[in-house]
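Here the structure is laid out as structure tokens; the discussion comes afterwards.
Nothing in this text is a laboratory measurement; each read-out follows from the coordinates by a stated rule. As the structure is a computational prediction, the values presented were derived from the model and not from experiment. No Cβ is skipped: glycine too gets one built from the backbone with ideal geometry, and neighbour counts run over all protein chains shown.
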């Protein structure tokens with residue numbers, strides 16, 4: 001043992017272990033079967049030997065990737081099309097995919113996924129197998145190819161490329177010659193089907209027993225995977241706005257084709273990558289990637305959406321017959337909705353919000369998939385580009401420098417090399433590092449050697465040496481591929497990692513320390529039924545979860561809130577927020593100020609105070625979900641109509657004639673009965689009605705956030721009726737968590 005090893009041993013630090021194969025009793029595999037009679041301890045031990053495939057590990061290394069939703073919906077301003085749109089609506093005049101890629105690279109993203117075919121069936125490449133796409137649009141006289149342009153830009157900017165190909169296809173369902181659910185027989189077919197004048201350079205051919213739609217889908221996949229350069233992810237959406245004819249997907253054939261033509265690609269929605277369970281940027285505190293399955297994922301053709309708060313704890317592991325590694329992608333949009341509508345009424349996330357989601361997802365054993373929808377000029381909005389650039393600056397400023405540089409400790413933990421790791425003694429699972437000088441930190445990054453040792457840590461804590469004693473500064477559950485720990489500033493020259501619960505001997509391959517410069521927090525605005533407005537830091541605004549009120553108060557000390565109610569931008573000269581105040585029908589703007597810096601401006605449209613409102617009429621109410629709950633200023637309470645085939649509506653008496661210009665609708669968080677399409681009717685006497693607005697809202701189940709609708713023209717009314725014409729997922733009842741009128 002050399003002198004450095006003696007020093008490490010004296011410090012109680014385990015030695016670095018090279019990333020090399022071992023001979024454990026249980027082999028390391030991507031999927032491990034649970035045998036009858038396996039004890040709970042054996043099942044946990046098996047879970048500790050489930051590892052990602054090389055493709056999955058590479059995908060985890062991407063960390064922050066982009067989604068791009070683009071198509072006819074961009075021009076119709078809808079979330080989901082119906083498949084019968086005239087291709088002429090895709091009236092794109094210019095396209096700047098270099099601008100997309102420059103913005104994504106500035107944000108620190110490593111891959112982009114393009115919706116080459118959304119549920120409407122419109123394709124964004126020059127396919128041989130359909131005319132429903134860019135080839136029938138005015139863009140470049142039908143010669144344009146969005147995917148081709150993006151693939152070339154990706155090569156210029158060093159980004160990986162993935163494709164979103166919707167299995168659902170409303171055009172193939174609705175059109176008379178459509179192939180989806182047409183009852184065709186399964187016969188042996190050659191993929192790709194040759195098209196005169198359009199030969200393929202790739203000589204690989206497949207023979208599959210498939211029907212017409214599966215053949216069509218396989219032909220599409222073949223084009224995408226052979227003519228646009230390397231494809232690193234194939235994204236299969238599980239959403240189905242409509243189905244027909246009992247159509248079934250031959251996923252086994254899809255998988256064979258993908259694994260052959262794109263051997264480095266991961267498959268989302270199937271055995272490689274799973275949905276995080278929502279589309280609002282929410283993350284689990286504990287995100288296990290070792291998941292129990294009832295059937296073997298290698299042969300499964302249908303994968304469920306996993307939305308439970310707990311997917312892989314040791315209490316859940318025994319519920320399956322197989323343990324499988326399947327990582328999560330946190331998919332959410334930078335703005336309200338997946339497709340671009342406009343910059344005036346479609347709210348966008350702030351850099352604070354995106355950076356917070358980045359730290360919670362990438363630092364929570366998942367991948368962040370952030371959607372940036374191009375506008376009708378073929379570019380990312382300047383608003384979104386500014387957010388991406390600022391997020392990239394924060395990532396580089398925070399994580400670009402490791403403040404443990406020069407520290408004494410295990411080389412396998414501090415060398416930044418994922419090919420080495422430190423395997424802790426289960427009897428004394430601690431590791432300590434000493435820095436050459438005191439440093440101020442508020443972030444720590446920990447990683448397990450998941451590629452060769454799987455996920456093992458179930459709970460851990462970090463101590464810092466402060467004032468001559470160890471003080472706990474952070475604590476969390478699992479680590480997995482990566483865990484980012486966030487805490488208030490501490491100054492120290494010694495750190496200690498303690499593993500408090502484990503599945504097997506922990507194998508850590510990285511520890512680094514960082515500091516995020518304090519910024520004024522982002523704010524949120526709430527208002528109660530009496531009209532009292534409260535402005536306060538938003539959840540996660542400080543970038544960490546405080547362990548007690550004193551810690552939160554100390555970190556928050558020093559900032560002030562300024563606000564306006566006339567729609568003007570707030571600043572140091574604006575009124576100072578001193579506490580709740582009453583406001584009605586105002587355009588509220590508020591900002592936090594700290595040390596000469598301004599945080600992001602929160603903008604809220606506050607309407608009429610619902611005092612004096614009463615239910616005039618309703619199409620019945622579910623027990624415990626009375627109609628008055630729709631306007632009680634509490635989104636946690638819900639009005640839900642009775643189930644049935646009849647009309648679903650709610651009529652409110654405002655108590656007096658009032659001018660109205662729009663509404664805000666909040667759907668229920670449980671996804672039951674969100675109003676996807678409806679109408680707003682108004683009346684002065686409750687007898688004669690006229691339509692003030694028709695609305696269509698998308699993505700209500702996975703992103704049940706507040707939506708603002710502006711009426712076609714200002715109206716005056718005492719009575720307002722909301723009629724539900726369609727509900728999310730065709731729910732049998734309509735629901736309103738909160739309705740606001742302004």
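Points worth noting:
- Computed from label points 7 Å out along Cα-Cβ, the spacing between residue 299 and residue 98 is 5.3 nm.
- Cα pair distances exceeding 25 angstrom across the range 614-741, given as percent: 15 percent
- Put a dot 7 Å past the Cα of residue 587, heading toward its Cβ, do the same for residue 205, and the two dots end up 6.5 nm apart.
- Sorting the segments 464-473, 485-494 by their residues' average number of neighbouring beta-carbon atoms within 10 angstrom, most packed first, yields 485-494, 464-473.
- Beta bridges assigned by DSSP with both partners in the chain are antiparallel in approximately 75 percent of cases.
- Counted residue by residue at 0.36 nm each, then reduced by the alpha carbon distance between them, the extension gain from residue 240 to residue 402 reaches 53.8 nm.
- For the range 163-194 and the range 651-704, distance of Cα centres in Å: 38 Å
- Computed log₁₀ I(q)/I(0) - Debye formula, equal Cα scatterers, no solvent, the range 683-742, q 0.17, 0.21, 0.27 Å⁻¹: -0.70, -1.01, -1.38
- Looking at the range 326-455, the DSSP beta bridges with both ends there are about 35 percent antiparallel.
- Potential lengthening between residue 726 and residue 661 on full extension [0.36 nm per residue; Cα-Cα distance subtracted]: 21.1 nm
- Estimated [θ] at 222 nm from DSSP helical runs (n ≥ 4, -39500 (n - 2.57)) normalised by residues in the chain, nearest 500: -5000 deg cm²/dmol
- FRET efficiency estimate (nearest 0.05) - Cβ-Cβ, residue 576 to residue 264, R0 45 angstrom: 0.20
- Protection proxy ranking, peptides 95-107, 178-190, 31-43, average beta carbon neighbours within 10 Å, highest first: 95-107, 178-190, 31-43
- Gain on full stretching of the segment that runs from residue 459 to residue 41 - 0.36 nm per residue minus C-alpha separation: 148.8 nm
- Hypothetical label at residue 342: residues of the range 646-661 whose amide nitrogen lies under 16 Å (7 Å Cα-Cβ projection): 661
- Cα gyration tensor shape for the chain, rounded if a/c is under 1.5, else prolate or oblate: oblate
- Value of Rg to Rh for the range 191-250, rounded to two decimals, is 1.00; Kirkwood radius and Rg both from alpha-carbon coordinates.
- Dividing the mean sequence gap of close Cα pairs (under 8 Å, 6+ apart) by how many residues the range 424-495 holds gives a relative contact order of 42 percent.
- Peptide packing for 342-350, 504-512, 450-458 was compared via the average number of neighbouring C-beta atoms within 10 Å per residue; ordered from the highest value, the list is 450-458, 504-512, 342-350.
- The range 61-112 and the range 468-528 have their alpha-carbon centroids 36 Å apart.
- Working from label points 7 Å from Cα in the Cα-to-Cβ sense, the residue 84 to residue 598 distance is 4.9 nm.
- Shape of the range 41-107, Cα gyration tensor, a/c cut at 1.5: oblate
- Relative contact order, whole percent, for the chain stands at 12, derived from Cα pairs under 8 Å and 6 or more residues apart.
- Normalising the average separation of contacting C-alpha pairs (under 8 angstrom, six or more residues apart) by the number of residues puts the relative contact order of the range 81-156 at 37 percent.
- Order of 93, 242 - criterion: other Cβ atoms within 10 Å of each residue's Cβ, fewest first: 93, 242
- Counting all C-alpha pairs of the range 337-480, share separated by more than 19 Å (%): 65 percent
- Cβ-derived FRET efficiency at R0 45 Å, residue 469 paired with residue 677, nearest 0.05: 0.10
- Residue 382-residue 710 FRET efficiency (beta carbon distance; Förster radius 25 Å; 0.05 resolution): 0.70
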